[in-house]
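Following: one structure in structure tokens, then a few remarks.
The values are calculated or read from the model by the stated rules, or taken from the named source; none is laboratory data. Please read these numbers as outputs of a predicted model, since none were measured by experiment. Don't worry about glycine lacking a Cβ; one is built from the backbone with ideal geometry, like all the others, and counts go over all protein chains shown.
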Amino acid sequence: MRVSIINIANKMPQWVVSACDEYLKRINHGKYSCQIIEIKADKNANKSAIENMALEAKKIEDAIARDSFVIALDERGKMYDSVQFASFLERSALSVPALCFIIGGADGIHPDLRAKAHARISLSTMVFPHALVRVIILEQIYRAISILEHHPYHRE
């Protein structure tokens, strides 16, 4: 399973970098690979939020591998518990060679890009800063892998 996480971001705090490095180290083994693709946020003061989001969406689309199943992380998306999320990833990975998660910037994901995504997933009905979302989705991907491999990390 190949996974990429495209994140609109500027400089991440060190605690985010450390947490992400730890989960990437745990995920990247055997049949699993995961990478983070950072795209610089567009914050042009002369443009509206939707115009900046459109510029970011274009950069995101350019970074998505052609063979990817695209998943937008959005608070209005479908919610899964960890076991359901593992099953969702497993089913998705059976039909495509790569999964791509999109984390929007401060203003979110442009509506047109969100509509093009193959799936929309919500991590919570609450809104989180995109730096924290990066850590949460990496942890959940690692947890899903541990569930699929019957590793004791996840307990029920």
task: Test ALA93 against the criterion of being surrounded by fewer than 21 Cβ atoms within 10 Å (Cβ to Cβ), touching a Cys at 6+ places or on another chain (Cβ under 7 Å) and modelled with pLDDT under 95, and give yes or no.
output: no
Subset of region 61-76 [modelled with pLDDT of 95 or more, in a loop (DSSP other than H, G, I, E, B) and over 14 Å from the mean Cα position of the chain (by Cα)]: none
task: Please enumerate the residues belonging to region 21-37 that are under 17 Å from the mean Cα position of the chain (by Cα) and either buried (at least 19 other Cβ atoms within 10 Å of the Cβ) or in contact (Cβ under 8 Å) with a residue 12 or more places away in the chain (or both).
output: TYR23, LEU24, ARG26, ILE27, TYR32, SER33, CYS34, GLN35, ILE36, ILE37
message: I'm checking my understanding of the structure. Among residues of region 38-58 that are within 17 Å of the chain's Cα centre (by Cα) and part of a loop (DSSP other than H, G, I, E, B), which one is surrounded by the most Cβ atoms within 10 Å (Cβ to Cβ)?
response: ALA41
Enumeration of residues in region 72-90 that are surrounded by 13 or more Cβ atoms within 10 Å (Cβ to Cβ) and among the acidic types (Asp, Glu): ASP74, GLU75, GLU90
task: Kindly check whether there is at least one residue in region 143-151 that is more than 17 Å from VAL3 (Cα to Cα) and surrounded by fewer than 20 Cβ atoms within 10 Å (Cβ to Cβ).
output: yes
- request: Check region 98-112 and report whether any residue there is over 30 Å from LYS47 (Cα atoms) and at pLDDT 90 or above.
  value: yes
task: Check whether at least one residue in region 110-122 is more than 16 Å from ASP74 (Cα to Cα), more than 12 Å from the chain's Cα centre (by Cα) and among the charged types (D, E, K, R), and report yes or no.
output: no
